[in-house]
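Okay, structure first, notes after.
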Amino acid sequence: MHLTAKGNQYLEDGQYANAAATYTQALALEAPNPRANAALYYNRSCAHHRLGRLWLALRDATLAAEADPRRSARAWWRVADVALATGDIETAKEAVAKGLTAQPGCAPLKKIQATIAADIAGI
């Protein structure tokens, strides 16, 4: 818990490399708590995204979604968001579909879904 709080403070302070490193340390402890691990992957994904490490952000967001499927809509949103940033429309579409399966009314996922539809339509 201490490492999570420390990583969150780094993230809030804009110290993204320190945040990513701290979340990595916390994940190395291999806690048997899928929900906590999902949060660590999700937050580390955010840090990687802010650092421009898009492929690492995509990997961690996917791991977050897989770690806690019942609460995965937010993580699938991040997968879709990062996939769009990399230009990978297919992965973004798949992530939106998985996220909406987990939480059908998720507004952020529906927004990305509309963005994808507009991009495909050339709008």
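The values are calculated or read from the model by the stated rules, or taken from the named source; none is laboratory data. Model, not experiment: these values are computed from the prediction. Every residue, glycine among them, receives a Cβ derived from its backbone with ideal geometry; neighbour counts consider all protein chains shown. Note: accessible area is taken over every heavy atom of the protein model, side chains too, but ligands, DNA and RNA are not part of it. Shrake-Rupley method; radii C 1.70, N 1.55, O 1.52, S 1.80 Å.
Observations on the model:
- For the range 28-40, the condition holds for no residue, the condition being that it is closer than 15 Å to T62 by Cβ and among the basic types (K, R).
- Whichever residue in the range 101-123 is in a helix (DSSP H, G or I) and touching a Phe, Trp or Tyr at 6+ places or on another chain (Cβ under 8 Å) and, among such residues, is most open to solvent (accessible area, probe 1.4 Å): P108
- Listed by first and then second residue, the pairs linking a residue in the range 28-56 that is under 16 Å from V79 (Cα atoms) and open to solvent by less than 50 Å² (accessible area, probe 1.4 Å) to a residue that is part of a loop (DSSP other than H, G, I, E, B) and β-branched (V, I, T), with Cβ atoms under 7 Å apart and 6 or more places separating them unless they lie on different chains, form an empty list.
- Considering the range 65-100, the residues that are in a loop (DSSP other than H, G, I, E, B) and modelled with pLDDT under 90 include one that is farthest from the chain's Cα centre (by Cα), namely D68.
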